[in-house]
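The values are calculated or read from the model by the stated rules, or taken from the named source; none is laboratory data. Since we're looking at a predicted model, the values are computed, not measured. Note that each Cβ is placed from the backbone with ideal geometry, even for glycine, and that neighbours are counted across all protein chains shown. We work out accessible area using only protein heavy atoms, side chains counted, and drop any ligands, DNA or RNA first. Shrake-Rupley method; radii C 1.70, N 1.55, O 1.52, S 1.80 Å.
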2 protein chains.
Amino acid sequence: MKRLRLAVLASGRGSNLQSILDECKKGTVNAEVVVVLSDKKEALALERAQREKIPAFWLNPADFAGKKEFEEGLLEVIAEFKVDYIILAGFMRVFSPVFMRGVKVPIINIHPSLLPAFTGLDAQRQALEYGVRYSGCTVHFIDEGVDTGPIILQAVVPVYDDDTEETLSLRILQEEHQLYPKVVRLLSEGRICCKGRKVIITGVREEKDCE
Amino acid sequence: MKRLRLAVLASGRGSNLQSILDECKKGTVNAEVVVVLSDKKEALALERAQREKIPAFWLNPADFAGKKEFEEGLLEVIAEFKVDYIILAGFMRVFSPVFMRGVKVPIINIHPSLLPAFTGLDAQRQALEYGVRYSGCTVHFIDEGVDTGPIILQAVVPVYDDDTEETLSLRILQEEHQLYPKVVRLLSEGRICCKGRKVIITGVREEKDCE
């Protein structure tokens, strides 16, 4: 099976990028991050990529005429690297429907809640304010909505009465660092397929393929 | 501490009622179901109550001029029994705001999803159609919305690719039968208190009371 080529887009510290890089380095996953892009110059994600000699690009939104042109800029760089998947790892921008239609490979995102609960920004704070007993994280395909795409995997964490946004976020983040590499591994093994909006993981419970 | 007096309202087989009755019978919980009401003549819940010599009433909505009058009828019966809590166990009616303002004791409900996801009817089917990896059940206080009140406890179950509405419902129901008696136990121990819309369980993680 061919080695998966991944583009990772990140706006921040890139800890999810790191967990994927670590998994790839172990050699247990037939995938590699071939390019990292960020909309923030100071994103630690860019440094992490450079440390691994992975091409890393900062695209400054201010250098483009508008959202459309910025997105075209992203697509142009990504196209050069012939990737199989685009992985969002804390990329703090919502793509336009035009971008979604223009992109030729699936885009995957991780969100710090048990979707469909608590979409959008500050999911951990939303969970605390609602008063749920469990939250978690969700890796999902991106569609044209915000955090509405087909769910690949989820992980659950308890929420405690004395949790703050920080303690809950950290607990969820620890699960994210397990979950995202797990999804990359499943992708690299060709075990993820979509049936309408349902995602089937083949070879987990039963050795049956999905049509 | 005084023995809690519970009214249970149910429309169906009453398996959650049974799990509460069983817990009360064990004598480990300082609570008793003092009256059971149903809007369905054939509700097995009524039989379960009669078996335990608990007063059981069928109130036929058709015998009342309207929703308001039916709800007043319910309140009238409940008032006679001087209950501390009204427990909904598969009661398939949404109360009017007028009822909610008229009732003098907290109302508690169990819902077969991890609220706030999948409110309303057919929560298990909604979860399957969305494609979540985890679902569960939620015991919550009733407010004027549908399944929007403060969450007391939740329990999580996995959702499998080959689940049907029946297999998922059964898995969730098994958790419901653990969760609802657990909430009754906490209530009878006076360990549940509300802080705005957050419910605090005292004496679980830390021995601190909530103000």
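Take the residues in region A:133-150 that are hydrophobic (A, V, I, L, M, F, W, C) and surrounded by fewer than 23 Cβ atoms within 10 Å (Cβ to Cβ), then tell me which one is nearest to residue A:166 (Cα to Cα). It would help to see each step written out before you state the result.
Here is the first cut: in region A:133-150, the residues hydrophobic (A, V, I, L, M, F, W, C) are A:137, A:139, A:141-142, A:146.
Now narrow it down to the ones that are surrounded by fewer than 23 Cβ atoms within 10 Å (Cβ to Cβ): A:141-142, A:146.
Details: A:141: 27, A:142: 26, A:146: 23 Å.
Here the residue is A:146.
List the pairs whose first member sits in region A:57-84 and is basic (Lys, Arg), whose second member is in a loop (DSSP other than H, G, I, E, B), and whose Cβ atoms are under 7 Å apart, counting only residues at least 6 apart or on separate chains?
Close Cβ pairs satisfying both conditions: A:67/A:96; A:68/A:96.
Kindly evaluate residue A:166 against the criterion of being more than 12 Å from every other protein chain (Cβ to nearest Cβ), over 28 Å from residue A:72 (Cα atoms) and exposed (fewer than 14 other Cβ atoms within 10 Å of the Cβ).
Working: more than 12 Å from every other protein chain (Cβ to nearest Cβ): yes; over 28 Å from residue A:72 (Cα atoms): yes; exposed (fewer than 14 other Cβ atoms within 10 Å of the Cβ): yes.
Against the criterion (more than 12 Å from every other protein chain (Cβ to nearest Cβ), over 28 Å from residue A:72 (Cα atoms) and exposed (fewer than 14 other Cβ atoms within 10 Å of the Cβ)), residue A:166 qualifies.
Please enumerate the residues belonging to region B:26-53 that are part of a loop (DSSP other than H, G, I, E, B), in contact with a helix residue (DSSP H, G or I) (Cβ under 8 Å, 6 or more places away or on another chain) and among the hydrophobic types (A, V, I, L, M, F, W, C).
B:29
For region B:117-132, how many residues are open to solvent by less than 40 Å² (accessible area, probe 1.4 Å) and either in contact with a Gly (Cβ under 8 Å, 6 or more places away or on another chain) or within 23 Å of residue B:183 (Cα to Cα) (or both)?
Counting residues in region B:117-132 that are open to solvent by less than 40 Å² (accessible area, probe 1.4 Å) and either in contact with a Gly (Cβ under 8 Å, 6 or more places away or on another chain) or within 23 Å of residue B:183 (Cα to Cα) (or both) gives 5.
Looking only at region A:1-56, which residues are open to solvent by 70 Å² or more (accessible area, probe 1.4 Å) and hydrophobic (A, V, I, L, M, F, W, C)?
A:1
When residue A:171 is evaluated against the numbered criteria (1) under 21 Å from residue B:153 (Cβ atoms); (2) at the interface with another protein chain (Cβ under 9 Å from one of its Cβ atoms); (3) open to solvent by 20 Å² or more (accessible area, probe 1.4 Å); (4) of a type outside the set (Asp, Glu), which criterion, by number, is the only one it fails?
Failed condition: (2).
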